[in-house]
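Peer 1: One structure coming up, written as structure tokens, with questions to follow.
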Amino acid sequence: MSNAAATAALADGATAHPSARAGGSPAARRRRRIGLLLAAPGLAVYAVVVLWPLVQSIQYSFYSWNGTSASSTWVGLRNYLNFFTDPVLSATLGHVLVLLIFFSAIPIALGLLAAAVITRSRSRGGAVFRWIYFLPQVLTSVVIALVFKRMYAPEGPVNETLRALGLDALTRNWLGDFTWALPALGLIGTWITFGFCMVLFISGVSAISPELYEAARVDGAGPVREFFSVTVPGLRGQLAVAITLTVTAALRTFDLVWITTRGGPGTATQTPAIALYKAAFVNPDVGQAAAIGVVMAVLCLVIAVVVTRISERE
Amino acid sequence: MKAQKNRSIHRVGTVACAALVLGLAACAPGGGGSGATTSTAPSDVSTDVAAAGDVTLKLSDFWKSAEGEWIDNRIAAFEDLYPNVTIKRTQEEWTQLVSTLNLQLQDASGPDIASANNGWQSLGTLAEANLVLNLDPYAELYGWNESVPNTIARQNQFTTDFSAIGEGSWFATPVARATLTGLYYNVEKLEALGLDVPTTLPELETAAAAAAAAGEVPFSYSGLDGNTAMLFSLQAVFGTATDINDFIYGDPEVTAAQSKLTEAAATMVTWADNGWLSPDFEGLDSQTTLASFLDGDGVFRFDYTGTLGLTGDQLDEFGYIQLPQESGSGTVGVGAAPAAMVIASKTEHPDVAAAFLDFLMSEESAQAAIDLGMVPMLHNDLDTPSTGRSLNEEIAAAASLNADDGYVPYFDWSSPTMLDTVSQNLQLMLAGRVAPEDLTAAVDADRDAFLAQLGS
């Protein structure tokens, strides 16, 4: 749901400047009517599959309901206020902030750097690197989670490598450690989104007019100045896409956590999506689950709107 | 022009949304029909299956491998007995079945009989929503109140106002098989260490110390998924069956401390501090430690019967102990039927369905369980297999629990969130972040919050 909201906002941003069309003539009006008619089946499906459940979720979020029973109790805003009063639920938002650094900030910074280096050096085999770094995007997240669960195991490759380097003091039970489990999961996110950001930025850089780079060089700009004055401004559109998608990915983190730690140790890696799943399917409290879903959707929407607004500002 | 159009579209959207929200506010979720939640109990019941004519029943369950063979075997035997009955079985994944049963039972073409989970989350919500039959008339007809031990019968009962679990009307039946929680041991390891099979908790601790001194891992344990088998097995050694049952069934007079949860938790902390649990257990999951236990890593392991999946030679390589009460009087153990069998309210043949449930509790069905290598329940004096140490010891454990009426249900039936609460606090406790008393307090708080919600 939240994903759909974000994508819709993105699509909205992308088509914000359609070529002006005359809308007043009878022919144009007829065309528009035919267009609406053609779109009607799709809109109807969208209304039933997306909009109606959305409205239902909002409705459920004001009730205490186990999902099966014929009786439900109106509880007003209690399910939303739990974000402030329930320490476990409010902590999930803190965990998302940590994940944001790993899912969004680090991959975007690294992606920009990689794009700058790769496009500048134009070394042979660049396509191979791109392919390798993009691979995580193609893999199913369940596969990724299982692979990393093994990597982080007490006798797994990560600890074995540390031991081989004589760094025994750094070995730990990555996924069972109250301090390190969340960053360890975050690094998986970095690994997944980095390649996506890089490929996006490389394609963006290739669209920047070479004259701009030449002009910058004529003006005596070094690689750093060139990066900040030409490359980054030229990638504004791609940055908006990257930020929106990685931020919503961090907000929605579920499968990685569910397969590796189930939110543990304690509640150290519990995310809103995990709390939602537990409330909806494990410990039936559908109202609470709906409230969490609505909060996640609103956050995703707000972020998408803010990012598109900023990126479109001249 | 464009801006104006947008505005009018917005206005239409806003009005439509407002209308929707207002419309929805009028009806609360779940309020499809009458608000009353009176349970349906069939009035005119009969044991005469042959008279029902040609009947086809649909059964949904989650049983695979040996358990799947058992139910297939039982269906075939029932169909032999009553050639007019056909039972169509659908096997589904456990979590899938439990999470969709509420929808399946509402469906006109859904199952007539299904395996639900006990406790509030599954059976409780299904019964309260009137999706499954109140089986009291059949309990009377077939004499279940006399033939089923009270501690097992309670696991399937709720009061008809759904304010209490563990008493009231039958909404499900057990089957003649049990899943117990107890202690497995590696026969060869104990012999190599020159140790006898421990029969009490102090003997177990002596053996564990000796195993540790010899460089063995005394207890195979996983912390990554918050494994609770050890905690609840120890609780059954310290607490009485009455206290543990009463706590789980929501008697506000009994606290978690009275059910001896603190003692069990403290014992685990001692064992962890002694280094008796699998090294690096914090980062290991159940599957991994189970595989290494079967490969000879670890002398003891608390687990659920059936989880080890022992076959062939392994049946003699491992043994099973149901530790007796610390007080010395009898044996208490976490045990239940592997499912709560329910009859859909919408079924057209409740008499035939009830006859099948009764058949699943029969002595013949218990014997079929043994013959397929599983633990029987509800009946003693069955033919036991000549080989297979672990199976024979599991059967003996079930017999002693039957004799002592010493079954206690799974602890997480006490509230929908209990399993999470216990798992999370176990991890916190073994990491030294909370004390055993804090775990007990968190458990009390969880259950009290749920009881308050029930009362409201």
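The values are calculated or read from the model by the stated rules, or taken from the named source; none is laboratory data. All values derive from a computational prediction rather than experimental measurement. For neighbour counting, all protein chains shown are included, and Cβ atoms are generated from backbone atoms with ideal geometry for every residue, glycine included. Protein only, heavy atoms only, side chains kept; ligands, DNA and RNA dropped before computing areas. Shrake-Rupley method; radii C 1.70, N 1.55, O 1.52, S 1.80 Å.
Peer 1: Is there a quick way to get the dipole size of segment A:82-312? I mean about its Cα centre, with the Cβ of Lys and Arg at +1 and of Asp and Glu at -1; what is the value in debye to the nearest 20?
Peer 2: Taking the Cα centre of segment A:82-312 as origin, the dipole is about 320 debye.
Peer 1: Something else about it: What FRET efficiency comes out for A:Phe129 versus B:Asn73 if R0 is 35 angstrom and r is the Cβ-Cβ distance? Round to the nearest 0.05.
Peer 2: Efficiency for this residue pair is about 0.05.
Peer 1: Still on this structure: Suppose R0 equals 22 Å. What FRET efficiency, 1/(1 + (r/R0)^6) with r the Cβ-Cβ distance, do A:Arg313 and A:Leu212 give to the nearest 0.05?
Peer 2: Once the sixth-power term is evaluated, E becomes 0.65.
Peer 1: Now, a different point. Quick check: residue separation of B:Glu93 and B:Thr307 times 0.36 nm, minus the Cα distance between them. What number comes out in nm?
Peer 2: Going from the current span to full extension adds 75.5 nm.
Peer 1: What is the angle, in °, between the Cα long axis of helix B:2-26 and the longest principal axis of the Cα atoms in chain B? Nearest 10 is fine, range 0 to 90.
Peer 2: Approximately 70 degrees, to the nearest ten.
Peer 1: Between B:Glu191 and B:Asp107, what is 0.36 nm times their sequence separation minus the Cα-Cα distance? Round to one decimal in nm.
Peer 2: Stretched fully, the B:Glu191-B:Asp107 segment lengthens by 24.6 nm.
Peer 1: Turning to a different aspect of this structure: When the label point is put 7 Å from the Cα of B:Glu363 along its Cα-to-beta-carbon vector, which residues of segment B:111-147 have a backbone N closer than 15 Å?
Peer 2: The answer is B:147, whose backbone nitrogens lie closer than 15 Å to the label point.
Peer 1: Okay, moving on. What's the angle, to the nearest 10 degrees (0 to 90), between helix B:65-81's Cα axis and the longest principal axis of chain B?
Peer 2: Relative to chain B, helix B:65-81 is tipped by roughly 60 degrees.
Peer 1: Could you work out the helix-only [θ] at 222 nm for the protein assembly as shown, with each DSSP H run of four or more residues adding -39,500 (n - 2.57) and the total divided by the number of residues, to the nearest 500 deg cm²/dmol?
Peer 2: After summing the helix terms and dividing by residue count, I get -16500 deg cm²/dmol.
Peer 1: Calculate what fraction, in whole %, of the accessible area of segment A:229-297 sits on carbon and sulfur atoms when a 1.4 Å probe is rolled over the protein chains.
Peer 2: Accessible surface attributable to carbon and sulfur in segment A:229-297 totals 63 percent.
Peer 1: Something else about it: Pairs A:Lys149/B:Lys260; B:Lys260/B:Lys346; B:Lys58/B:Lys260; A:Lys278/B:Lys346: which are spaced more than 32 Å apart, C-alpha to C-alpha?
Peer 2: A:Lys149/B:Lys260; B:Lys260/B:Lys346; B:Lys58/B:Lys260
Peer 1: Another one. When only DSSP loop residues count, what GluC sites (Glu not before Pro) in segment B:216-274 have their Cβ near at most 14 other Cβ atoms within 10 Å?
Peer 2: Counting only loop positions with at most 14 other Cβ atoms within 10 Å, the GluC sites (Glu not before Pro) in segment B:216-274 are B:Glu253.
Peer 1: Compute the distance in nm between two label points, each set 7 Å from the Cα along the Cα-to-Cβ direction, one at A:Leu51 and one at A:Tyr80.
Peer 2: About 2.2 nm, to one decimal.
Peer 1: What nm value, rounded to one decimal, do you get for the distance between B:Gln453 and A:Leu37 when each label is placed 7 Å out toward the C-beta?
Peer 2: It is 5.3 nm.
Peer 1: Tally the DSSP beta bridges in the protein assembly as shown and give the antiparallel ones as a percent, rounded to 5.
Peer 2: 65 percent
Peer 1: Can you give me the span-like helices of chain A, meaning DSSP H runs with 27 Å or more of Cα extent along the axis and Kyte-Doolittle mean at or above 1.0?
Peer 2: Helix filter hits for chain A: A:181-206, A:286-312.
Peer 1: Moving on. What FRET efficiency would be calculated for the residue pair B:Asp80, A:Ala44, taking the C-beta separation as r and a Förster radius of 45 Å, to the nearest 0.05?
Peer 2: Between B:Asp80 and A:Ala44 the formula returns 0.30.
Peer 1: Something else now. Does anyone have the angle between helix B:229-238 and the longest principal axis of chain B? Alpha-carbon axes, 0 to 90°, nearest 10?
Peer 2: 70 degrees
Peer 1: Can you send over the solvent-accessible area of A:Arg236, 1.4 Å probe, protein chains only, in Å² to the nearest 10?
Peer 2: 100 Å²
Peer 1: A further question follows. Given a 1.4 Å probe and heavy atoms of the protein chains only, how would you sort B:Asp295, B:Asp358, largest accessible area at the top?
Peer 2: So, going from the largest accessible area down, we get B:Asp295, B:Asp358.
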